[in-house]
Amino acid sequence: MAVAEQPQSIEEQRRWEGSLDQLRGLVSERAITGETMLLNMGPHHPSTHGVLRLLLELDGEQIISCLPDIGFLHTGIEKSVEDKSYEKAVPLTDRMDYLSPMSNNMAFSAAVEKLLELDVPERGQIIRVVCLELARCASHLVWLGTHAIDMGAMSVLLYAFRERERILGMFEMLSGQRMMSSYIRPGGVWRDVPDDFLPTIKQFLLDFPAKVDDYEALLTKNPIWKDRAQGVGVIEPDVALAYGMTGPALRGSGVNWDLRKAQPYSGYETYDFNVPLGEHGDVYDRYLIRIHEFRESMKILNQAVARLETVQGPYRSENNKYCPPLRSELGQSMEAVIHHFKLWTYGYDAPDDEIYNAIESPRGEIGCYIHGTGANKPRRVHFKTPSFIHISALPVVAKGYLLADMVAIIGSVDIVLGDCDR
Amino acid sequence: MGVSSKLGNLGVVTTTVEQAVNWARTGAMWPLLFGLACCAIEYMSSQASSYDLSRFGMELNRATPRQADLLIVSGRLTRKMAPVVRQLYDQMAEPKWVISMGDCASCGGVYNNYAIVQGVDEIIPVDVYIAGCPPRPEQLLHGILTLHEKVRGERIADWA
C-alpha cells in the first residue's frame, strides 16, 4: 500500500494550525501569556456530535471561554440548490439535518408551496404529520442514546437504536429509503402509504410507550445521571431568547414557544397535544422535555393514524403544473405524459418573489427562505437552522462550568453539524 | 467441525504465520471512532443492537487513531476537514485499512461543488468503497467482510 510521506515542514504545520497571535482578542490575555490553558476539542472527538471544533480556555478544569469553530461539514447545499429545479432540490435538503430528514423536506416543501400558493390535500397533510412525528421520535432516540453515552451510560444507546430501527423500517416502507427518504415533496408526499404501513405503525404505537418508560427507568431517577445533569448548563430564558434559541433548548428554560402551536402548519392546530416546559433550564430539564415529547408525539400519532383510516382522497396536489400525475394515468392520458415530461425535465416556474417559512423540527425552528426568479430555479435559498443558533450560544452557556460538563451541554442542546454547516 | 476434523486426535494445527496473523487481524479489527455526516448515523446503527458489529470483533471503537486499525470515512469530506482526516490517517499505526463509506466519501456523491473533496481517495489510500447514500448497515457489513477477505490474502512482506 502506498503511503505518502509525512507532510509538512514546520512552517506548513503552523500555517494551518494558526499562531497564537491570531487568537488575540478572541481569548483572554491570560491565555496568551500561558496563565490559562488553551485546549482544542474536536473536530475529531467522540462527544462533539460531529465535526465541531471548540477552542476552550481552561483555568484548571473550569471553562473560561469557549470558541466554536464550525464549517468542517460545510457542504454548499444552499449553493447547490440554486442550480436545481425545486422538485430536484428536495433530496439535497434531506442531507442537512441528517437525524430528521423529513423535517427538512417539510421546511423546504412548505416554503415552495407558500411561494407557489399551492394547497396540500387533507390526506397529504395527515401523512406529513405522521412522518414528522416519527422523525421527531427517531431524532430524539439518537439524541438519547448518544447523550447518555457521553455522560457514561453506555447501554441506553442499544435500547434507543432498537426502536429507531423500527421507525426507519417504516420510513423504508413509505419511501424505499431508511434515512434520506425525500418523501415529503412540494404539493404533498411522494406516494400514498402502502397497505402494510397502518398495521405496522399501530403495533409500534402500542409498544413504544412502554419503551419510553424503560428509558426513563434507566435514567430519570439515576443518581449519577442527576448529578451530571441537574444544575449544569443552565440557560436563562432571556439568554435563550436573545440568542434566538428554539425547540427543546428554549422550552427547557420555560419559554412556551412551539411553532406547532404558535404558527400551526399541516393541520397541527387540529391535534390535541401539550408542549412540555422546563423550569430550571438545565441539562436535566432538556432531557425531561425530550422524553415528554416522545409521549406527546405518540398522542399526535395516535390521532393522525386514526384519521388516516377515515380520510381518503389524494395525497398530493392534483395541480399537474406542479405535481406529477399518477403513474396509472401515464398509460392512458397524453396530457399526463406531457405534464410528467415537463415536470421531470424542466420543473416549473416559481414567481419572482421572496418568502420565509418555518416549521418545528426536533431541534427547533428550521426555516427556509426562498427567493424565486420567475423561472424554474431559485435565485437564493437559505435555511435558518437551529443547530447553528445553538452553537452560537454555546460560549455563553458553557462559561464557568467544568470541562467534563461541556459534553453534557453539547449533548443537551442537541446539535447536528450537518444542520449547522449545511 | 472444521478444526477437529483436521486435528484428528493429535492436538496440533499446522498453518503459516501469515495465515494466523491475518486471521487474528480480521478477528479484532478496531475501527476509529470517527464520523463525518449522515453515514456516521448508519455506522452507529451498525454498531447498535440490530446489526451488532461486535459479531465481527469490532465493538471496540477507539477514539484515538493510535489504537485503531480501520478508518471508516463515513460521510462527505469537506475541504476544511480534509487535512484533519489526513492527519488522523497518518497517526494510525500500521497495519491500517480504510473503508470509504457512502457515495460522498467515495466520489463526492451528489455534491459536485466548491466545498466537497471529490472522493476521500484524493487524500488517503482506500481499500474498500461502499456505495449508497447512505449505505444500509448491511452494506457496511458487506464492505467490512470484503475487507476481511482482502486482509486474509495479504502478505506480511507487503507491510514490512
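Identify, please: which residue in region A:195-205 is farther than 27 Å from A:Ala107 by Cα and part of a helix (DSSP H, G or I) and is, among those, nearest to the other protein chains (Cβ to nearest Cβ)?
Top of the filtered list is A:Gln203.
Has region B:50-62 got at least one residue that is farther than 18 Å from B:Leu141 by Cα and in a loop (DSSP other than H, G, I, E, B)? Reasoning before the result, please.
The first filter runs over region B:50-62 and keeps only residues farther than 18 Å from B:Leu141 by Cα, leaving B:62.
Next cut, in a loop (DSSP other than H, G, I, E, B) only: none.
There is no residue in region B:50-62 that is farther than 18 Å from B:Leu141 by Cα and in a loop (DSSP other than H, G, I, E, B).
Any residue in region A:217-246 that's without any contact (Cβ under 8 Å) to a residue 40 or more places away in the chain: show its pairings with residues that are hydrophobic (A, V, I, L, M, F, W, C) at Cβ separation under 7 Å, as long as the two are six or more apart or on different chains.
A:Leu241/A:Val255
Identify, please: which residue in region B:127-136 is of a type outside the set (Ser, Thr, Tyr) and under 28 Å from A:Glu172 (Cβ atoms) and is, among those, surrounded by the most Cβ atoms within 10 Å (Cβ to Cβ)? Quick ask: steps written out before the conclusion?
Step one: filter region B:127-136 for residues of a type outside the set (Ser, Thr, Tyr), giving B:127-128, B:130-136.
Still in the running and under 28 Å from A:Glu172 (Cβ atoms): B:128, B:130-136.
Details: B:Val128: 22, B:Ile130: 27, B:Ala131: 14, B:Gly132: 19, B:Cys133: 19, B:Pro134: 29, B:Pro135: 23, B:Arg136: 19.
Residue satisfying both the conditions and the ranking: B:Pro134.
Among the residues in region B:44-56, are any more than 8 Å from chain A (Cβ to nearest Cβ) and among the hydrophobic types (A, V, I, L, M, F, W, C)?
yes
Can you list residue pairs whose Cβ atoms sit under 6 Å apart, with the first residue in region A:370-389 being on the phi > 0 side of the Ramachandran plot and the second being part of a loop (DSSP other than H, G, I, E, B) and surrounded by fewer than 22 Cβ atoms within 10 Å (Cβ to Cβ)? Count only pairs 6 or more apart in sequence or on different chains.
Between residues of region A:370-389 that are on the phi > 0 side of the Ramachandran plot and residues that are part of a loop (DSSP other than H, G, I, E, B) and surrounded by fewer than 22 Cβ atoms within 10 Å (Cβ to Cβ), the close pairs are A:Gly374/A:Asp352.
Which ones in region A:206-232 are in a helix (DSSP H, G or I), in contact with a helix residue (DSSP H, G or I) (Cβ under 8 Å, 6 or more places away or on another chain) and among the hydrophobic types (A, V, I, L, M, F, W, C)?
Selection gives A:Phe208, A:Val212, A:Leu218, A:Leu219, A:Trp225, A:Ala229.
Based on this model, can you work out whether A:Leu205 counts as aliphatic (A, V, I, L, M) and either closer than 30 Å to A:Thr93 by Cα or at pLDDT 90 or above (or both)?
So A:Leu205 passes the test.
Among the residues of region A:318-371, write down those that are of a type in the set (Gly, Ala, Ser) and either in contact with a helix residue (DSSP H, G or I) (Cβ under 8 Å, 6 or more places away or on another chain) or closer than 14 Å to A:Ser109 by Cβ (or both). Steps first, please.
Of region A:318-371, the ones of a type in the set (Gly, Ala, Ser) are A:328, A:331, A:333, A:336, A:347, A:350, A:358, A:361, A:364, A:367.
Correct list: A:Ala336, A:Gly347, A:Ala350, A:Ala358, A:Ser361, A:Gly364, A:Gly367.
Residues being in contact with a strand residue (DSSP E or B) (Cβ under 7 Å, 6 or more places away or on another chain) and outside any loop (DSSP other than H, G, I, E, B): count how many of those fall in region A:36-65.
Going through region A:36-65, the residues in contact with a strand residue (DSSP E or B) (Cβ under 7 Å, 6 or more places away or on another chain) turn out to be A:36-43, A:48, A:52-58, A:61-65.
Right, trim to outside any loop (DSSP other than H, G, I, E, B) and you get A:37-41, A:53-58, A:62-65.
Qualifying residue count, region A:36-65: 15.
Which one is surrounded by the most Cβ atoms within 10 Å (Cβ to Cβ) among residues in region A:136-181 that are hydroxyl-bearing (Ser, Thr, Tyr) and touching a residue at least 40 places away in the same chain (Cβ under 8 Å)?
Keep residues of region A:136-181 that are hydroxyl-bearing (Ser, Thr, Tyr), which gives A:139, A:146, A:155, A:159, A:175, A:181.
Next, only the ones that are touching a residue at least 40 places away in the same chain (Cβ under 8 Å) stay: A:139, A:146, A:155, A:159, A:181.
Working: A:Ser139: 25, A:Thr146: 21, A:Ser155: 12, A:Tyr159: 19, A:Ser181: 23.
Top of the filtered list is A:Ser139.
Do you know which residues across region B:91-106 are over 28 Å from A:Ser80 (Cβ atoms) and within 11 Å of another protein chain (Cβ to nearest Cβ)? Walk me through it before giving the result.
Taking region B:91-106 as the starting set, the residues that turn out to be over 28 Å from A:Ser80 (Cβ atoms) are B:91-97.
Residues satisfying the conditions are B:Gln91, B:Met92, B:Glu94, B:Pro95, B:Lys96, B:Trp97.
Taking region A:253-299, which residues are β-branched (Val, Ile, Thr) and surrounded by fewer than 16 Cβ atoms within 10 Å (Cβ to Cβ)? Break it down stepwise before answering.
Applying the first criterion (β-branched (Val, Ile, Thr)) to region A:253-299 yields A:255, A:270, A:275, A:283, A:289, A:291.
If the condition is that a residue be β-branched (Val, Ile, Thr) and surrounded by fewer than 16 Cβ atoms within 10 Å (Cβ to Cβ), then A:Thr270 is the only one that fits.
Regarding A:Arg307, is this residue surrounded by fewer than 21 Cβ atoms within 10 Å (Cβ to Cβ), in contact (Cβ under 8 Å) with a residue 40 or more places away in the chain and in a helix (DSSP H, G or I)? Can you show your working first?
Working: surrounded by fewer than 21 Cβ atoms within 10 Å (Cβ to Cβ): yes; in contact (Cβ under 8 Å) with a residue 40 or more places away in the chain: yes; in a helix (DSSP H, G or I): yes.
Spelling it out, A:Arg307 is indeed surrounded by fewer than 21 Cβ atoms within 10 Å (Cβ to Cβ), in contact (Cβ under 8 Å) with a residue 40 or more places away in the chain and in a helix (DSSP H, G or I).
Could you pull out every one of the helices (runs of 4 or more DSSP H) wholly within region A:76-194 that has 2 or more residues that are of a type in the set (Lys, Arg)? Can you show your working first?
Values: elements: A:77-81, A:86-94, A:101-116, A:122-150, A:156-175.
Here the list reads A:122-150, A:156-175.
Run down B:Tyr111, B:Tyr129 and say which single residue is free of Cβ contacts under 8 Å to residues at least 40 places away in the same chain and touching a strand residue (DSSP E or B) at 6+ places or on another chain (Cβ under 6 Å).
Only one candidate passes the filter, namely B:Tyr129.
Residues of region A:16-30 being under 34 Å from the mean Cα position of the chain (by Cα) and either within 14 Å of another protein chain (Cβ to nearest Cβ) or at pLDDT below 75 (or both), which ones?
Across region A:16-30, the qualifying residues are A:Trp16, A:Glu17, A:Gly18, A:Gln22, A:Leu23, A:Gly25.
Could you tell me how many of the residues in region B:63-83 are more than 14 Å from the chain's Cα centre (by Cα) and part of a strand (DSSP E or B)?
Of the residues in that region, 1 qualify.
So which of A:Val129, A:Val212 is under 30 Å from A:Leu343 (Cα atoms), more than 14 Å from chain B (Cβ to nearest Cβ) and touching a residue at least 40 places away in the same chain (Cβ under 8 Å)?
Working: A:Val212 fails: under 30 Å from A:Leu343 (Cα atoms).
On inspection, the qualifying residue turns out to be A:Val129.
Does A:Ile184 meet the test of being buried (at least 23 other Cβ atoms within 10 Å of the Cβ) and within 21 Å of A:Val305 (Cα to Cα)? Spell out the reasoning first.
On the way: buried (at least 23 other Cβ atoms within 10 Å of the Cβ): yes; within 21 Å of A:Val305 (Cα to Cα): yes.
Yes: the conditions hold for A:Ile184.
Which one is farthest from the other protein chains (Cβ to nearest Cβ) among residues in region A:66-75 that are outside any loop (DSSP other than H, G, I, E, B) and crowded, with 19+ Cβ neighbours inside 10 Å?
Taking region A:66-75 and keeping what is outside any loop (DSSP other than H, G, I, E, B), we get A:66-69.
Cutting the leftovers down to crowded, with 19+ Cβ neighbours inside 10 Å gives us A:66, A:68.
Working: A:Cys66: 20, A:Pro68: 14 Å.
Among residues in region A:66-75 that are outside any loop (DSSP other than H, G, I, E, B) and crowded, with 19+ Cβ neighbours inside 10 Å, the one farthest from the other protein chains (Cβ to nearest Cβ) is A:Cys66.
Looking at region B:62-90, which of its residues are more than 7 Å from every other protein chain (Cβ to nearest Cβ), crowded, with 19+ Cβ neighbours inside 10 Å and of a type outside the set (Asp, Glu)?
The first filter runs over region B:62-90 and keeps only residues more than 7 Å from every other protein chain (Cβ to nearest Cβ), leaving B:62, B:64-75, B:77, B:79, B:82, B:85-87, B:89.
Narrowing the set further to residues that are crowded, with 19+ Cβ neighbours inside 10 Å leaves B:65, B:68-75, B:77, B:85, B:89.
Listed by number, the residues that qualify are B:Pro65, B:Ala68, B:Leu70, B:Leu71, B:Ile72, B:Val73, B:Ser74, B:Gly75, B:Leu77, B:Val85, B:Tyr89.
If you check A:Glu117 against the conditions, is it more than 14 Å from chain B (Cβ to nearest Cβ) and out of contact with any strand residue (DSSP E or B) (no Cβ under 9 Å at 6 or more places or on another chain)? Give the derivation first.
Values: more than 14 Å from chain B (Cβ to nearest Cβ): yes; out of contact with any strand residue (DSSP E or B) (no Cβ under 9 Å at 6 or more places or on another chain): yes.
Against the criterion (more than 14 Å from chain B (Cβ to nearest Cβ) and out of contact with any strand residue (DSSP E or B) (no Cβ under 9 Å at 6 or more places or on another chain)), A:Glu117 qualifies.
Can you name the condition, by its number, that B:Gly109 falls short on among (1) away from chain A (no Cβ under 14 Å); (2) buried (at least 20 other Cβ atoms within 10 Å of the Cβ)?
For B:Gly109, the exception is condition (1).
Here is a yes/no grid of residues against (1) over 17 Å from B:Val128 (Cα atoms); (2) modelled with pLDDT under 85:
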residue: B:Met1; (1), (2): yes, yes
residue: B:Val12; (1), (2): yes, yes
residue: B:Glu18; (1), (2): yes, no
residue: B:Ala24; (1), (2): yes, no
residue: B:Pro31; (1), (2): no, no
residue: B:Ser54; (1), (2): yes, no
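The values are calculated or read from the model by the stated rules, or taken from the named source; none is laboratory data. Since this is a predicted model, take the numbers as computed values, not measurements. Glycine gets a Cβ as well: all are built from the backbone with ideal geometry, and neighbour counts include every protein chain shown.
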